[in-house]
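One structure is given here, and the rest of the page talks about it.
The values are calculated or read from the model by the stated rules, or taken from the named source; none is laboratory data. Since this is a predicted model, take the numbers as computed values, not measurements. Neighbour counts run over all protein chains shown; Cβ positions are idealised from the backbone, glycine included. Areas reflect the complete protein model, heavy atoms only, side chains present, ligands, DNA and RNA absent. Shrake-Rupley method; radii C 1.70, N 1.55, O 1.52, S 1.80 Å.
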Amino acid sequence: AMGSTNETSFYGATKNPWNLEHVPGGSSGGSAAVIAARLAPAALGSDTGGSIRQPASHCGITGIKPTYGTVSRFGMVAYASSFDQAGPMAQTAEDCAILLNAMASFDERDSTSLERDKEDYTRDLDKPLKGLKIGLPKEYFGEGADADVQTALQSVIDLLKVQGAETVEVSLPQTSLSIPAYYVLASAEASTNLSRFDGVRYGHRAAQFGDLEEMYSNTRAEGFGSEVKRRIMIGTYVLSHGYYDAYYLKAQKLRCLVANDFQTAFGQCDFILAPTAPTAAPKLGSDIHDPVQMYLSDIYTIAVNLAGLPALTLPAGFSANGLPIGVQFIGNYFSEAKILGAAHQVQLNSDWHTKAPE
């Protein structure tokens, strides 16, 4: 499931229903594709570095990553335990709110699950936007995003202003450091979590091996795809003796700085508006052979996971070649109802979310 394009699945690449030559985004691109194609009204996704929001953007649907710990991770194969978060994907923010009502609760089987009073995530759906302050991070509105993405952002800004919201410039100065910090930390956690898939207790076991060590190596060579192997190798390296302080510990410190940036910004605004991805969906095969380029496509989503914040992607327009473009609302901890309500008000006054591929 790892990667931003959904091309590394054991079953082959999932295709974007808007254009079968393009990717649906990843890693929850299968869920996004079936909703966009109107094969299902809703589906579940898991978001470790943007894997609900980015495919939602590429497929023209709505998806929300809740605050870390709000939805149980029990039953998910762990990738990076301090990042992974399950969430709903659907055509509208209203549907996502209804789904989140059913999904969010304490689970004693998940040690990261939060014990909180039950919330109604539909409570702000009818709340007007008048008086809300929307933060626009200056680091997200410069170079990097395609012209089509910037046009989509401006469309949503205009819509929010018409409904009485104000915009304010905020700063997230550690943005450029979020990708290296994330890929050090997430790969380290993947290396640890996936060590349990060794062919001994469960899962795949190689048919041919001479001794125990060969069973381990053959099983893992056959059972993991190239992108998963790459991240296990990176993670094992940064956790190894002599490199732990230089990489892993430093990345943890950066993670705190990223989270602090958001708290400073939320002192000035109610929620943040940002791009979800720098471009519309790329063509199949264009990024798969260039891992660094694929990692850079997560520039706008990863910081949210580093901080454990809630964020929602909603459709906001189309590229010049007819592919959907989404934008994201990023909220402070436990502000899901607020960002779902704002997204619902945008969708009441626009029709991007109603469009379906032919």
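Residues of the range 306-346 that are in contact with a strand residue (DSSP E or B) (Cβ under 9 Å, 6 or more places away or on another chain) and polar (S, T, N, Q): THR313, SER319, ASN321, GLN328, ASN332, SER335.
Every residue in the range 156-174 that is open to solvent by less than 40 Å² (accessible area, probe 1.4 Å) and in a helix (DSSP H, G or I), please. VAL156, ILE157, LEU159, LEU160, listed by residue number.
Here PHE83 meets the list (1) open to solvent by 20 Å² or more (accessible area, probe 1.4 Å); (2) in contact with a helix residue (DSSP H, G or I) (Cβ under 8 Å, 6 or more places away or on another chain) almost entirely, failing just condition (1).
Scanning the range 131-155 for residues that are assigned to a loop (DSSP other than H, G, I, E, B) and either at pLDDT 95 or above or among the hydrophobic types (A, V, I, L, M, F, W, C) (or both) gives LEU132, PHE141, ALA145.
Of the residues that sit in the range 107-122 and are surrounded by 14 or more Cβ atoms within 10 Å (Cβ to Cβ) and not β-branched (Val, Ile, Thr), which one is nearest to GLY75 (Cα to Cα)? For the range 107-122, the residue satisfying everything is ASP110.
Checking each residue in the range 289-338 for being part of a helix (DSSP H, G or I), in contact (Cβ under 8 Å) with a residue 24 or more places away in the chain and among the polar types (S, T, N, Q) picks out only ASN305. Residues in the range 239-271 that are outside any helix (DSSP H, G or I) and more than 23 Å from the chain's Cα centre (by Cα) were compared, and the one that is nearest to GLU189 (Cα to Cα) is SER240. Inside the range 299-358, residues that are farther than 22 Å from ALA42 by Cα, of a type in the set (A, V, I, L, M) and open to solvent by 20 Å² or more (accessible area, probe 1.4 Å) make up a count of 2. Just to be sure, is GLN268 in contact with a strand residue (DSSP E or B) (Cβ under 6 Å, 6 or more places away or on another chain), open to solvent by 50 Å² or more (accessible area, probe 1.4 Å), over 30 Å from PRO55 (Cβ atoms) and of a type outside the set (Phe, Trp, Tyr)? Yes, satisfied.
If the condition is being in a loop (DSSP other than H, G, I, E, B), open to solvent by less than 20 Å² (accessible area, probe 1.4 Å) and touching an Asp or Glu at 6+ places or on another chain (Cβ under 9 Å), then the range 3-50 contributes GLY3, SER4, THR5, VAL23, GLY26, SER28, THR48, GLY49, GLY50.
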